[in-house]
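Written out below as structure tokens is the structure these notes cover.
The values are calculated or read from the model by the stated rules, or taken from the named source; none is laboratory data. For clarity, every value in this text was computed on a predicted model and none was experimentally measured. Glycine gets a Cβ as well: all are built from the backbone with ideal geometry, and neighbour counts include every protein chain shown. Areas reflect the complete protein model, heavy atoms only, side chains present, ligands, DNA and RNA absent. Shrake-Rupley method; radii C 1.70, N 1.55, O 1.52, S 1.80 Å.
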Amino acid sequence: MAKVLVVTSGKGGVGKTTTTAALGAALAKAGQSVVLVDFDVGLRNLDLVMGAERRVVFDLINVIQGDANLAQALIKDKRVDTLSLLPASQTRDKDALTPEGVAKVIADLSKKFDWVICDSPAGIERGAQMAMHHADMAVIVTNPEVSSVRDSDRIIGMLDSTTEKAKAGEKMEKFLLITRYDPQRAARGDMLGTDDVLEILSIPLLGIIPESADVLKASNVGAPVTIAEPDSAPARAYTEAARRLMGEKVEVTIPTERKGLFDWLFKRRVA
Amino acid sequence: MTFLSSIFKRRSSAPVARDRLQILLAHERIAVGDGKDDLLAKLHREIMEVIKRHVAVDQDKVQIKMDRGAQCSVLEIDVEVPGLTDRAENAKKD
């Protein structure tokens, strides 16, 4: 039986789609079969970040409405063969996401894959609620910044009250993923530290993704950072986070950029 | 002087952010909850029910203010009750 994981945050632009792609690819590279489902109907972007934008024929709404079957809509990744994508519709509106339809798609995907990773849209409206409704576990993506932390708190409240698991009286597993973290600014006291965010939100930490140019570079070329730049600091952080999701005990560290002698000399000279 | 003090007494902003969030969320968790137990709305409703039981109150004559602090919060409900003075005046006439 698959694990259904929702990647959510409340606030937009904190890195949900980047995280969905990077964690999914890292899990798939570890041998798990993974499907990424984009719930951002009308503003889909997971296809673009995954480099599959020109291969979309059918989408989630087509499957829900019976215009296509799952096999026709799923896009297999060309780099990692255990990774697939179910894109969102770009033209329909969110009302097309019916609770029964979503439930059936998630149930069907659960039979075929080890992991069903749902990329939630921003906000707390229908799309976000549909994305989290059937989840067994949640990754809450948070930037070390006041508005993101506040919205994450709200989302955690919703995960504990409106989801299928919560209504059945079961406990939803929740993990915090801090993204765009800058250790130097945190050390200077100009950015919320990981302890601050953890203390406020009080859910277990899945990982800390350092702010890095490699994330943008990867999305520029349409590849998850864990595939495009697997040795970069954010990719190593995502890979470790994926191992924790699989139940491995890995100590949380903040990977740093590996700098060559030339970078080091150059930096010294500039400073 | 200002230059020197700005170097030595440089205030970091992260603790301010943490404190503001802690105060805000402590309240929001009660206020939002799961949508059922909005404490302030409940207090407001029940206090109004008690007042209405004894006097007729005009909704527009009720003012509600809220001040949220770290240690305690103040919920101020200001109700103008014309009925009481009328009754008092009636009592005098009798």
Report task. Considering each residue of the range A:157-208, count those that are touching a Phe, Trp or Tyr at 6+ places or on another chain (Cβ under 8 Å) and farther than 28 Å from A:K3 by Cα, and give that number. Result -> 1
Report task. Sort out which residues of the range A:165-178 are open to solvent by less than 10 Å² (accessible area, probe 1.4 Å) and at pLDDT 95 or above, and write them in order of number. Result -> A:L176, A:L177, A:I178
Report task. Under 7 Å between Cβ atoms, at least 6 apart or on separate chains: pull out the pairs that start in the range A:177-190 with a residue that is among the β-branched types (V, I, T) and end on any residue that is in a loop (DSSP other than H, G, I, E, B). Result -> A:I178/A:P144; A:T179/A:V14; A:T179/A:G15; A:T179/A:N143
**Report entry** Selection count where residues are surrounded by fewer than 22 Cβ atoms within 10 Å (Cβ to Cβ) and assigned to a loop (DSSP other than H, G, I, E, B), scope the range A:134-164
**Finding:** 7
Query raised in the report: Does the range A:15-32 contain any residue that is within 25 Å of A:S148 (Cα to Cα), of a type outside the set (S, T, N, Q) and surrounded by fewer than 24 Cβ atoms within 10 Å (Cβ to Cβ)?
Result: yes
Report summary line: Of the listed residues (B:R11, B:R45, B:R20, B:R53), the one being at pLDDT 70 or above, among the basic types (K, R) and in contact with a helix residue (DSSP H, G or I) (Cβ under 7 Å, 6 or more places away or on another chain) is B:R20
Report task. Please work out which residue is farthest from A:S148 (Cα to Cα), limiting yourself to the range A:178-224 and to residues that are within 14 Å of another protein chain (Cβ to nearest Cβ) and in a strand (DSSP E or B). Result -> A:Y181
Query raised in the report: From A:V56, A:V49, which residue is touching a helix residue (DSSP H, G or I) at 6+ places or on another chain (Cβ under 7 Å), on the phi < 0 side of the Ramachandran plot and at pLDDT 95 or above?
Result: A:V49
Query - Meets criteria (more than 25 Å from A:I208 (Cβ to Cβ) and within 14 Å of another protein chain (Cβ to nearest Cβ)) for A:S148 - result: no
Report summary line: For the range A:191-211 the number of residues that are in contact (Cβ under 8 Å) with a residue 24 or more places away in the chain, farther than 15 Å from A:R236 by Cβ and open to solvent by 50 Å² or more (accessible area, probe 1.4 Å) is 1
Report task. Of the numbered conditions (1) open to solvent by less than 60 Å² (accessible area, probe 1.4 Å); (2) over 24 Å from A:I106 (Cβ atoms); (3) touching a helix residue (DSSP H, G or I) at 6+ places or on another chain (Cβ under 7 Å); (4) without any contact (Cβ under 8 Å) to a residue 60 or more places away in the chain, A:I227 fails exactly one; give the number of that condition. Result -> (4)
Report task. Test A:I117 against the criterion of being open to solvent by less than 20 Å² (accessible area, probe 1.4 Å), within 11 Å of another protein chain (Cβ to nearest Cβ) and either modelled with pLDDT of 95 or more or under 27 Å from A:M246 (Cβ atoms) (or both), and give yes or no. Result -> no
